[in-house]
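Report on one structure; see the data block that follows.
The values are calculated or read from the model by the stated rules, or taken from the named source; none is laboratory data. Remember, it's a predicted structure, so these values are computed and weren't measured experimentally. Virtual Cβ from ideal backbone geometry, glycine too; neighbours counted across all protein chains shown.
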Amino acid sequence: MISKLDCMKLNGTSLNIPHKAVADIDEVGDNHYLTSLDTPLREDAFELSNEEKIDQIEAHFYEIMQIMGLDMEDESLSGTPRRVAKMYVNELFSGLDPENMPPATLFNNNYDYAQMLVEKNITFFSTCEHHFVPIYGKAHVAYYSSGKVIGLSKLNRIVQYFSRRPQVQERLTEQIAAELKSILQTEDVAVIMDANHMCVASRGVRDTHSSTVTAAYYGKFSDPRVREELLHYVSQKTV
Ligand SMILES: [Zn+2]
């Protein structure tokens, strides 16, 4: 936890930046660390209303652009701070707010379908929490019904909800798996994510060809034969 605070003054706005964090960033460099399955949110994360958050982010983003020497009187730039603030709160990071969690209606598995169900190639857009640039790619999710099923589009919505946070791909994968296990009341779930990280492609090592694959296999998916069946479906050409 934060032990020592360093107070920085930025045009009248005081920013509290822990000393320790500053030292660690230099040590860590570009390495991506995963600290917990839960997105690290403070307890007071929802004390401000969305409107208040937008107003404050707008003011700070204005400062960032100002510091970079941009002419904030310019017609093309003057609306950017508010545009970015609204985009952060209402779109890119709307998955931080549990109120936006998609409601999940369960149905009985009336067809007695007993095989795995795979929804593949779910497009997702997320944001790398270390660089605040996009992570985007495809997610494949699978489960065996424990007697209940959910609408197919709910699977997309669950993937999208957890994507709309500052993320680390490993955590994103596990958060989706945990949610599916909880909603579907089964351990038999799998999530595979194949993603491009703009922090790798557009800066740093600038590798535009690599992609990152993460997977979470639970219950029946721990069996290599079941996993093989899943990977076969995922690798098949889409209809
Ligand atoms: Zn990154």
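One table, with the values for the structure above:
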quantity	calculated
Test: residue in segment 78-90 that is away from the ligand (no atom under 16 Å from the Cβ) and part of a loop (DSSP other than H, G, I, E, B)	yes
Qualifying residue in segment 57-79 (condition: buried (at least 16 other Cβ atoms within 10 Å of the Cβ) and touching a Lys or Arg at 6+ places or on another chain (Cβ under 6 Å))	yes
Count of residues meeting criterion [in contact (Cβ under 8 Å) with a residue 60 or more places away in the chain and assigned to a helix (DSSP H, G or I)] in segment 212-239	8
Flag if SER94 is in contact with an Asp or Glu (Cβ under 8 Å, 6 or more places away or on another chain) and more than 16 Å from the ligand (Cβ to nearest atom)	no
PRO98 vs. criteria within 15 Å of PRO166 (Cα to Cα) and either within 22 Å of the chain's Cα centre (by Cα) or of a type in the set (Asp, Glu) (or both)	yes
ASP223, sole failed condition from (1) out of contact with any strand residue (DSSP E or B) (no Cβ under 8 Å at 6 or more places or on another chain); (2) within 16 Å of the ligand (Cβ to nearest atom); (3) modelled with pLDDT of 95 or more	(2)
Unique match (being acidic (Asp, Glu), modelled with pLDDT under 90 and more than 16 Å from the ligand (Cβ to nearest atom)) among ASP74, ASP6, ASP38, ASP55	ASP6
Residue satisfying all of: in segment 110-129; within 21 Å of ASP188 (Cβ to Cβ) and among the aromatic types (Phe, Trp, Tyr); modelled with the highest pLDDT among these	TYR113
